[in-house]
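I have placed the structure first, in the form of C-alpha coordinates, so that the comments after it can refer back to it.
The values are calculated or read from the model by the stated rules, or taken from the named source; none is laboratory data. If you're wondering where the values come from, they're calculated on a predicted model, not measured in any experiment. Positions of Cβ are generated from backbone atoms using ideal geometry, with glycine treated the same way; all protein chains shown enter the neighbour counts. We work out accessible area using only protein heavy atoms, side chains counted, and drop any ligands, DNA or RNA first. Shrake-Rupley method; radii C 1.70, N 1.55, O 1.52, S 1.80 Å.
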Amino acid sequence: SAVLQLSQVGKSYNHGLPTQVDVLNGIDLTVKPGEIVALVAPSGAGKSTLLHTAGLLDTPDRGTVRIAGQDLTGKSERRRTAVRRQDVGFVYQFHHLLAEFTALENIVLPQLANGISQAKAEARAQDLLARVGLKDRAGHRPAAMSGGEQQRVAFCRALANGPRLLLADEPTGNLDPGTADQVFAALMELVAATGMAALIATHNLELAQRMDRVVRLEGGQLHAGM
Ligand code: ADP
Ligand code: ADP
(Lines give C-alpha, C1' and ligand atoms only; values in the text may rest on other atoms or scores of the structure.)
(Ligands and ions follow the chains in the order given, each with its own letter.)
Protein backbone atom coordinates (compact mmCIF):
# COMPACT_ATOMS: atom_id res chain seq x y z
CA SER A 1 0.00 0.00 0.00
CA ALA A 2 1.22 3.48 -0.88
CA VAL A 3 2.60 5.98 1.61
CA LEU A 4 1.89 8.89 -0.71
CA GLN A 5 -0.75 8.87 -3.39
CA LEU A 6 -1.58 11.92 -5.47
CA SER A 7 -4.47 11.48 -7.88
CA GLN A 8 -5.21 14.04 -10.58
CA VAL A 9 -3.87 16.83 -8.38
CA GLY A 10 -4.23 20.33 -9.77
CA LYS A 11 -3.28 23.79 -8.51
CA SER A 12 -3.67 27.09 -10.33
CA TYR A 13 -2.76 30.71 -9.71
CA ASN A 14 -3.91 33.71 -11.63
CA HIS A 15 -1.62 36.46 -10.28
CA GLY A 16 -4.49 38.93 -10.77
CA LEU A 17 -4.17 38.40 -14.51
CA PRO A 18 -6.99 37.24 -16.74
CA THR A 19 -5.17 34.03 -17.63
CA GLN A 20 -4.76 31.35 -14.99
CA VAL A 21 -1.53 29.36 -14.68
CA ASP A 22 -1.97 25.66 -13.98
CA VAL A 23 1.14 25.04 -11.89
CA LEU A 24 0.02 21.47 -11.25
CA ASN A 25 -2.30 19.82 -13.77
CA GLY A 26 -3.45 16.21 -13.42
CA ILE A 27 -0.57 15.00 -11.24
CA ASP A 28 -0.63 11.27 -10.46
CA LEU A 29 2.12 9.98 -8.20
CA THR A 30 2.40 6.94 -5.95
CA VAL A 31 5.34 6.40 -3.60
CA LYS A 32 5.54 3.10 -1.73
CA PRO A 33 7.28 2.22 1.56
CA GLY A 34 11.04 2.06 1.07
CA GLU A 35 10.88 3.78 -2.31
CA ILE A 36 13.06 6.82 -2.99
CA VAL A 37 11.81 8.98 -5.84
CA ALA A 38 13.79 11.84 -7.35
CA LEU A 39 11.85 14.92 -8.46
CA VAL A 40 13.57 17.04 -11.09
CA ALA A 41 12.07 20.25 -12.41
CA PRO A 42 13.21 23.41 -14.13
CA SER A 43 13.15 26.38 -11.77
CA GLY A 44 9.63 27.79 -11.41
CA ALA A 45 8.01 24.56 -12.63
CA GLY A 46 6.10 24.09 -9.38
CA LYS A 47 8.40 21.81 -7.41
CA SER A 48 7.76 23.60 -4.09
CA THR A 49 4.03 23.66 -4.77
CA LEU A 50 4.09 19.91 -5.40
CA LEU A 51 6.10 19.14 -2.24
CA HIS A 52 3.93 21.39 -0.07
CA THR A 53 0.77 19.86 -1.50
CA ALA A 54 2.09 16.33 -0.86
CA GLY A 55 3.06 17.38 2.70
CA LEU A 56 -0.34 18.89 3.52
CA LEU A 57 1.05 22.42 3.87
CA ASP A 58 -0.88 23.48 0.80
CA THR A 59 -4.29 22.33 -0.46
CA PRO A 60 -4.87 21.34 -4.09
CA ASP A 61 -7.62 22.96 -6.17
CA ARG A 62 -8.38 19.63 -7.81
CA GLY A 63 -7.69 15.94 -7.13
CA THR A 64 -6.87 14.02 -3.96
CA VAL A 65 -3.90 13.64 -1.61
CA ARG A 66 -3.65 10.41 0.38
CA ILE A 67 -1.06 9.68 3.04
CA ALA A 68 -0.81 6.11 4.33
CA GLY A 69 -4.17 5.39 2.73
CA GLN A 70 -6.03 8.30 4.33
CA ASP A 71 -7.64 10.77 1.96
CA LEU A 72 -6.85 14.14 3.51
CA THR A 73 -8.34 16.30 0.80
CA GLY A 74 -10.76 18.77 2.32
CA LYS A 75 -10.12 17.52 5.86
CA SER A 76 -9.80 20.04 8.72
CA GLU A 77 -6.53 21.89 9.31
CA ARG A 78 -6.35 20.23 12.71
CA ARG A 79 -6.52 16.75 11.19
CA ARG A 80 -4.01 17.64 8.46
CA THR A 81 -1.59 19.08 11.02
CA ALA A 82 -1.84 15.93 13.13
CA VAL A 83 -1.00 13.72 10.15
CA ARG A 84 1.80 16.09 9.07
CA ARG A 85 3.43 16.03 12.51
CA GLN A 86 3.27 12.27 12.81
CA ASP A 87 3.78 11.02 9.28
CA VAL A 88 5.70 13.64 7.29
CA GLY A 89 9.28 14.87 7.65
CA PHE A 90 10.54 17.92 5.74
CA VAL A 91 14.08 18.81 4.71
CA TYR A 92 15.09 21.98 2.90
CA GLN A 93 18.18 23.41 1.23
CA PHE A 94 18.94 25.34 4.42
CA HIS A 95 18.91 23.45 7.69
CA HIS A 96 16.63 25.79 9.73
CA LEU A 97 18.03 24.40 12.98
CA LEU A 98 17.40 26.42 16.14
CA ALA A 99 20.64 28.34 16.80
CA GLU A 100 20.32 28.42 20.59
CA PHE A 101 19.95 24.67 20.92
CA THR A 102 22.43 21.81 20.51
CA ALA A 103 22.20 19.17 17.78
CA LEU A 104 20.68 16.76 20.30
CA GLU A 105 18.12 19.30 21.52
CA ASN A 106 17.10 20.16 17.95
CA ILE A 107 16.21 16.49 17.44
CA VAL A 108 14.61 16.09 20.89
CA LEU A 109 12.25 19.10 20.68
CA PRO A 110 9.90 17.86 17.91
CA GLN A 111 9.54 14.60 19.82
CA LEU A 112 8.57 16.39 23.06
CA ALA A 113 6.00 18.35 21.04
CA ASN A 114 4.68 14.97 19.91
CA GLY A 115 4.26 13.71 23.49
CA ILE A 116 7.40 11.54 23.72
CA SER A 117 9.25 11.46 27.08
CA GLN A 118 12.57 13.28 27.46
CA ALA A 119 14.44 10.00 28.03
CA LYS A 120 12.99 8.28 24.96
CA ALA A 121 13.47 11.38 22.82
CA GLU A 122 17.13 11.65 23.81
CA ALA A 123 17.76 7.97 23.15
CA ARG A 124 16.24 8.27 19.69
CA ALA A 125 18.17 11.46 18.96
CA GLN A 126 21.46 9.78 19.98
CA ASP A 127 20.65 6.82 17.76
CA LEU A 128 19.87 9.03 14.76
CA LEU A 129 23.04 11.10 15.26
CA ALA A 130 25.13 7.92 15.44
CA ARG A 131 23.60 6.69 12.18
CA VAL A 132 24.76 9.81 10.33
CA GLY A 133 28.22 9.72 11.92
CA LEU A 134 27.63 12.60 14.37
CA LYS A 135 27.76 10.80 17.71
CA ASP A 136 30.43 13.24 18.92
CA ARG A 137 28.52 16.36 17.84
CA ALA A 138 25.43 15.89 20.05
CA GLY A 139 26.39 18.80 22.33
CA HIS A 140 27.35 21.23 19.57
CA ARG A 141 25.22 24.16 18.49
CA PRO A 142 24.66 24.62 14.74
CA ALA A 143 27.20 27.46 14.50
CA ALA A 144 29.93 25.11 15.73
CA MET A 145 29.26 22.59 12.95
CA SER A 146 30.11 22.47 9.24
CA GLY A 147 27.40 22.87 6.56
CA GLY A 148 27.36 19.14 5.89
CA GLU A 149 27.06 18.36 9.60
CA GLN A 150 24.25 20.89 10.04
CA GLN A 151 22.35 19.31 7.19
CA ARG A 152 22.80 15.80 8.61
CA VAL A 153 21.36 17.06 11.92
CA ALA A 154 18.42 18.50 9.95
CA PHE A 155 17.80 15.02 8.47
CA CYS A 156 17.79 13.53 11.97
CA ARG A 157 15.31 16.17 13.10
CA ALA A 158 13.05 15.43 10.11
CA LEU A 159 13.09 11.75 11.05
CA ALA A 160 12.74 12.33 14.81
CA ASN A 161 9.09 11.33 15.02
CA GLY A 162 9.47 8.35 12.68
CA PRO A 163 7.51 9.75 9.73
CA ARG A 164 6.40 7.41 6.96
CA LEU A 165 7.13 10.01 4.31
CA LEU A 166 10.16 12.23 3.80
CA LEU A 167 9.84 15.28 1.54
CA ALA A 168 13.09 17.00 0.66
CA ASP A 169 13.62 20.15 -1.40
CA GLU A 170 17.23 20.38 -2.65
CA PRO A 171 18.61 18.80 0.54
CA THR A 172 22.21 19.05 -0.72
CA GLY A 173 21.77 22.19 -2.83
CA ASN A 174 23.75 24.39 -0.49
CA LEU A 175 26.81 22.12 -0.19
CA ASP A 176 29.97 21.75 -2.23
CA PRO A 177 29.92 18.66 -4.50
CA GLY A 178 32.08 16.43 -2.29
CA THR A 179 30.09 17.22 0.84
CA ALA A 180 26.82 16.90 -1.08
CA ASP A 181 27.81 13.38 -2.03
CA GLN A 182 28.55 12.33 1.56
CA VAL A 183 25.44 13.99 2.95
CA PHE A 184 23.29 12.41 0.25
CA ALA A 185 24.72 8.98 1.10
CA ALA A 186 23.87 9.56 4.78
CA LEU A 187 20.30 10.46 3.82
CA MET A 188 19.94 7.36 1.64
CA GLU A 189 21.16 5.15 4.50
CA LEU A 190 18.73 6.73 6.97
CA VAL A 191 15.82 6.28 4.60
CA ALA A 192 16.79 2.70 3.79
CA ALA A 193 17.17 1.83 7.50
CA THR A 194 13.68 3.12 8.32
CA GLY A 195 11.87 1.82 5.23
CA MET A 196 10.17 5.18 4.79
CA ALA A 197 9.05 6.58 1.45
CA ALA A 198 10.91 9.61 0.12
CA LEU A 199 10.33 12.24 -2.53
CA ILE A 200 13.52 14.23 -3.03
CA ALA A 201 13.72 17.25 -5.30
CA THR A 202 17.14 17.90 -6.75
CA HIS A 203 18.86 19.73 -9.59
CA ASN A 204 21.73 17.28 -9.34
CA LEU A 205 21.05 14.73 -12.09
CA GLU A 206 23.88 12.49 -10.92
CA LEU A 207 22.23 12.20 -7.47
CA ALA A 208 18.81 11.77 -9.09
CA GLN A 209 20.11 8.75 -11.00
CA ARG A 210 21.09 7.07 -7.74
CA MET A 211 17.49 7.02 -6.52
CA ASP A 212 14.97 4.26 -7.32
CA ARG A 213 13.05 6.27 -9.88
CA VAL A 214 13.05 9.75 -11.40
CA VAL A 215 10.01 11.90 -12.20
CA ARG A 216 10.23 15.23 -14.00
CA LEU A 217 7.76 18.07 -13.46
CA GLU A 218 7.23 20.15 -16.56
CA GLY A 219 4.27 22.07 -17.94
CA GLY A 220 2.29 21.21 -14.81
CA GLN A 221 2.62 17.47 -15.45
CA LEU A 222 4.82 14.64 -14.25
CA HIS A 223 6.81 12.60 -16.72
CA ALA A 224 8.80 9.43 -16.02
CA GLY A 225 12.59 9.76 -16.26
CA MET A 226 14.80 12.82 -16.66
P1 ADP B 1 9.55 25.95 -8.02
O2 ADP B 1 9.64 25.47 -6.62
O3 ADP B 1 9.57 24.87 -9.04
O4 ADP B 1 10.55 27.02 -8.35
P5 ADP B 1 6.99 27.05 -7.17
O6 ADP B 1 6.16 25.89 -6.80
O7 ADP B 1 7.57 27.87 -6.08
O8 ADP B 1 8.11 26.62 -8.21
O9 ADP B 1 6.13 28.03 -8.08
C10 ADP B 1 5.60 27.63 -9.34
C11 ADP B 1 4.81 28.77 -9.95
O12 ADP B 1 3.68 29.06 -9.13
C13 ADP B 1 5.61 30.06 -10.08
O14 ADP B 1 5.22 30.67 -11.30
C15 ADP B 1 5.13 30.87 -8.90
O16 ADP B 1 5.21 32.24 -9.20
C17 ADP B 1 3.70 30.41 -8.74
N18 ADP B 1 3.26 30.47 -7.34
C19 ADP B 1 3.74 29.71 -6.34
N20 ADP B 1 3.11 30.00 -5.18
C21 ADP B 1 2.23 30.99 -5.46
C22 ADP B 1 1.28 31.73 -4.70
N23 ADP B 1 1.11 31.51 -3.38
N24 ADP B 1 0.55 32.67 -5.34
C25 ADP B 1 0.70 32.87 -6.65
N26 ADP B 1 1.57 32.22 -7.43
C27 ADP B 1 2.33 31.29 -6.85
P1 ADP C 1 4.71 22.39 15.08
O2 ADP C 1 3.55 23.31 15.40
O3 ADP C 1 4.87 21.23 15.98
O4 ADP C 1 5.99 23.11 14.79
P5 ADP C 1 3.56 22.22 12.47
O6 ADP C 1 2.25 21.59 12.43
O7 ADP C 1 3.69 23.69 12.35
O8 ADP C 1 4.32 21.66 13.73
O9 ADP C 1 4.47 21.57 11.35
C10 ADP C 1 4.53 20.18 11.17
C11 ADP C 1 5.64 19.91 10.18
O12 ADP C 1 5.48 20.74 9.03
C13 ADP C 1 7.00 20.23 10.75
O14 ADP C 1 7.90 19.24 10.29
C15 ADP C 1 7.35 21.59 10.17
O16 ADP C 1 8.75 21.68 9.97
C17 ADP C 1 6.61 21.57 8.86
N18 ADP C 1 6.12 22.91 8.48
C19 ADP C 1 5.17 23.64 9.10
N20 ADP C 1 4.94 24.79 8.45
C21 ADP C 1 5.79 24.83 7.41
C22 ADP C 1 6.04 25.75 6.34
N23 ADP C 1 5.39 26.88 6.22
N24 ADP C 1 6.98 25.43 5.44
C25 ADP C 1 7.63 24.26 5.55
N26 ADP C 1 7.45 23.35 6.51
C27 ADP C 1 6.54 23.61 7.43
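Odds and ends about this structure:
- Positive end of the dipole of segment 146-216 (Cβ unit charges, origin at the Cα centre): among A192, L205, A154, the Cα lying farthest that way belongs to A192.
- Apolar share of the accessible surface for the chain: 49 percent from carbon plus sulfur atoms, 1.4 Å probe.
- Of all DSSP beta bridges in the chain, antiparallel share, percent nearest 5: 50
- Highest mobility in the GNM of the chain, judged by mean-square fluctuation with C-alpha springs under 10 Å and restricted to Q20, Q182, Q111, is found for Q20.
- Using 0.36 nm per residue and subtracting the Cα-Cα separation, the extra length available between H203 and D71 on full extension is 44.5 nm.
- The chain: angle of helix 103-113 to the longest principal axis, Cα-based, in degrees nearest 10: 60
- Pairs of Cα atoms farther than 24 Å apart, segment 37-174, %: 35
- Counting only protein heavy atoms and a 1.4 Å probe, the chain has 46 square angstrom of accessible area per residue.
- Mean-square fluctuations from a GNM of the chain, with a 10 angstrom spring cutoff on Cα atoms, peak among A160, A119, A103 at A119.
- Straight-distance candidates among the lysines for linking to K75, with alpha-carbon spacing under 18 Å and chain neighbours fewer than 8 residues away dropped: K11.
- Cα centroid separation - segment 137-179 against segment 48-80, whole Å: 25
- Sequence-distant contacts, meaning Cα pairs under 8 Å at least 6 residues apart, place the relative contact order of segment 1-135 at 21 percent.
- Helical contribution to [θ] at 222 nm, DSSP H n ≥ 4, -39,500 (n - 2.57), averaged over the chain, rounded to 500: -10500 deg cm²/dmol
- Think of segment 49-201 as having a plus end and a minus end, set by charges on the Cβ of Lys, Arg, Asp and Glu; of S76, H52, Q126, S76 sits farthest toward the positive end of this dipole.
- Alpha carbon centroid spacing (whole Å) that separates segment 184-226 from segment 8-25: 25
- Each Lys or Arg adds one and each Asp or Glu takes one away; over the other residues whose Cβ falls under 10 Å from the Cβ of G162, this sums to +1.
- Spacing of the modelled spin labels on T19 and A224, each 7 Å from Cα toward Cβ, amounts to 3.2 nm.
- Of all the options D176, D58, D87, the one that moves most in a Gaussian network model of the chain with Cα springs shorter than 10 angstrom is D176.
- Dipole moment magnitude, nearest 20 debye, segment 41-81 about Cα centre, only Lys, Arg, Asp, Glu C-beta charged: 120
- Along the chain, longest interval not containing exposed chymotrypsin sites (Phe, Trp or Tyr not before Pro), exposed being DSSP loop plus at most 16 other Cβ atoms within 10 Å: 102-226
- Here the dipole of the chain is about 620 debye; that uses its Cα centre as origin and unit charges on the Cβ of Lys and Arg (positive) and Asp and Glu (negative).
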